1. Looking only at the range 301-337, which residues are aliphatic (A, V, I, L, M) and either surrounded by 19 or more Cβ atoms within 10 Å (Cβ to Cβ) or modelled with pLDDT under 95 (or both)?
2. Filter the range 1-47 for residues that are touching a helix residue (DSSP H, G or I) at 6+ places or on another chain (Cβ under 8 Å), surrounded by fewer than 16 Cβ atoms within 10 Å (Cβ to Cβ) and farther than 30 Å from THR69 by Cα and give the result.
3. Does any residue of the range 271-294 turn out to be surrounded by fewer than 24 Cβ atoms within 10 Å (Cβ to Cβ), free of Cβ contacts under 8 Å to residues at least 40 places away in the same chain and more than 20 Å from the chain's Cα centre (by Cα)?
4. Please determine, by comparing only the residues of the range 23-47 that are of a type outside the set (Gly, Ala, Ser), over 24 Å from GLY217 (Cβ atoms) and part of a loop (DSSP other than H, G, I, E, B), which one is nearest to the chain's Cα centre (by Cα).
5. Being under 20 Å from the mean Cα position of the chain (by Cα), among the small types (Gly, Ala, Ser) and buried (at least 23 other Cβ atoms within 10 Å of the Cβ): is that true of ALA98 here?
6. What number of residues within the range 148-204 are out of contact with any Leu (no Cβ under 8 Å at 6 or more places or on another chain), of a type in the set (A, V, I, L, M, F, W, C) and in a strand (DSSP E or B)?
7. Just wondering, is there one or more residues in the range 200-214 that are surrounded by fewer than 23 Cβ atoms within 10 Å (Cβ to Cβ) and under 30 Å from ARG228 (Cα atoms)?
8. Please determine whether any residue of the range 56-71 is buried (at least 22 other Cβ atoms within 10 Å of the Cβ) and part of a helix (DSSP H, G or I).
Amino acid sequence: MTEQRKSDHIRINLEEDVGFRRLTTGLENYRFLHQALPELDLAQVDTRVEFLGKTLNVPLLISSMTGGTEKADLINRTLAQAAEATGIAMGLGSQRVALEDQEFAKSFQMRPLAPTTVLLANLGAVQLNYGYGLDHCQRAVDMLEADGLILHFNALQEAVQPEGDVNFAGLLKKIEQICQKLTVPVLAKEVGWGFAEDTARRLMDAGVAAIDVAGAGGTSWSQVEMYRAETEVQRRVAATFVDWGIPTSEAILAVKRAAGGEIFPIIASGGLRNGLDIAKCLALGAILGGMAGPFLKAAVESFDSVLDQIEITRRELRVAMFCIGADSVAALQNSDRLVKVAGAEVSHG
């Protein structure tokens, strides 16, 4: 059942329109003040960042997507090799399928292909209410030799899935225990509907080491589930939520407010499509930008397509930094050159 669901998810994401109808990332509400005299040589622009104790060449994460099928194995191998070759981070898809059946573990075991870069293991947070505990989390980490564990939050997706796991009661205490006892940092990640400020604060208090906002504006997983629906009732319920969620830009600011002035690692994902989007997210307060859809499509084509996608994104980010006079990611994060477009409805933190 889980394996078939994984196959369905890959196919639907590649073949169907799974975007939001009207809701966007909100990034179009921001623009950079162009710096005609950057007082920089483009060659000086340094995109390196430190994350989970390792240096990344670009503040870019291949966001968690898949695993547990033959096609997923090929996709993950291609992405892992590209992440290693370019020095960016990679998250794997949910490993529940591999914990349930060891034969699927190989589609997640990417450390031999990516010996030096940041790799992130991944489980659904809700599974802590369905028999999973510290042992399962540690096994997921060990399977990858991972640098961290993503606990993903997908309440809406589970609610509209025919086979959804919908008991989210009492999870926070269990998450706190995992944060305290796991051998690697725990990251909290939405799957496309964002985090509000109060939720982010509770997760920070529980001990998560970073939050991936995964806001609205990219892939709508309720739409993905609509295409998987087995009945008209299920289809119509899923379709109703096509524009549900907190836009990515708003979610970044919400998590930043929750941190209350403390430096806290925010990963921006959800509808990011290029290096300029990532530059805007970093200027809003993120440390990394995550992309899934563009990498999935590239990985299905070829290894070289993935390398091209990474290089294009890197160059776009560097040009954006150069044209506002930011020679480092820290300078970009502290820049005052990101402004709200006149008339845009945007809440600043």
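The values are calculated or read from the model by the stated rules, or taken from the named source; none is laboratory data. Everything numeric here is computed off the predicted structure, so don't read it as measured data. Reconstructed Cβ throughout: ideal geometry from the backbone, glycine too, with neighbour counts over all protein chains shown.
1. Our first condition is that a residue be aliphatic (A, V, I, L, M); within the range 301-337, this holds for 306-307, 310, 312, 317, 319-321, 324, 326, 329-332.
Once the filter is applied, which keeps residues that are aliphatic (A, V, I, L, M) and either surrounded by 19 or more Cβ atoms within 10 Å (Cβ to Cβ) or modelled with pLDDT under 95 (or both), the range 301-337 yields VAL306, ILE310, LEU317, ALA320, MET321, ILE324, ALA326, VAL329, LEU332.
2. Residues satisfying the conditions are LEU42, ASP46.
3. No, every residue in the range 271-294 fails to be surrounded by fewer than 24 Cβ atoms within 10 Å (Cβ to Cβ), free of Cβ contacts under 8 Å to residues at least 40 places away in the same chain and more than 20 Å from the chain's Cα centre (by Cα).
4. Residues of the range 23-47 of a type outside the set (Gly, Ala, Ser): 23-25, 27-35, 37-42, 44-47.
Narrowing the set further to residues that are over 24 Å from GLY217 (Cβ atoms) leaves 34-35, 37-42, 44-46.
Keeping just the survivors that are part of a loop (DSSP other than H, G, I, E, B) gives 34-35, 37-41, 45.
On the way: HIS34: 28, GLN35: 30, LEU37: 34, PRO38: 31, GLU39: 34, LEU40: 31, ASP41: 32, VAL45: 25 Å.
In this case the residue turns out to be VAL45.
5. Working: under 20 Å from the mean Cα position of the chain (by Cα): no; among the small types (Gly, Ala, Ser): yes; buried (at least 23 other Cβ atoms within 10 Å of the Cβ): yes.
No, not satisfied.
6. Result for the range 148-204: 1.
7. no
8. Within the range 56-71, not a single residue is buried (at least 22 other Cβ atoms within 10 Å of the Cβ) and part of a helix (DSSP H, G or I).
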